[in-house]
Amino acid sequence: MFTHNMSTIDRIGRILLGIALLICYQVFSPARGSEFFLLGLLPMATGLIGHCPLYSLLKLNTRKTE
């Protein structure tokens, strides 16, 4: 379906960023934290899938080809 266009380091960084933003959501919820939840899902999802739509649009690829 999607071709992987992210390196392992890029994927791990996005997953960790997503986790950090989801933790911020838990800390600041429900008063002022809903944007952390939405911002945390995007990098986490792209990191788990290994495909970044923005990279595809810009024709970027951080994954090494063998």
(request) Take the range 15-59 and flag every residue that is in contact with a helix residue (DSSP H, G or I) (Cβ under 6 Å, 6 or more places away or on another chain) and either at pLDDT below 80 or hydrophobic (A, V, I, L, M, F, W, C) (or both). (result) ILE15, LEU17, LEU21, LEU22, CYS24, GLY33, PHE36, PHE37, LEU39, MET44, CYS52
(request) Show the residue pairs that are 6+ apart or on different chains and have beta-carbon atoms under 8 Å apart, the first residue being within the range 34-47 and within 17 Å of ARG11 (Cβ to Cβ) and touching a residue at least 24 places away in the same chain (Cβ under 8 Å), the second being buried (at least 19 other Cβ atoms within 10 Å of the Cβ) and of a type in the set (D, E, K, R). (result) PRO43/ARG14; MET44/ARG14; THR46/ARG14; GLY47/ARG11; GLY47/ARG14
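With the range 1-65 as the region, which helices (runs of 4 or more DSSP H) entirely inside it contain at least 3 residues that are among the hydrophobic types (A, V, I, L, M, F, W, C)?
8-28, 34-49
The values are calculated or read from the model by the stated rules, or taken from the named source; none is laboratory data. Just so it is clear, the model here is predicted, and its values are computed rather than measured. Counting neighbours? That spans all protein chains shown, and the Cβs are built from the backbone with ideal geometry, glycine included.
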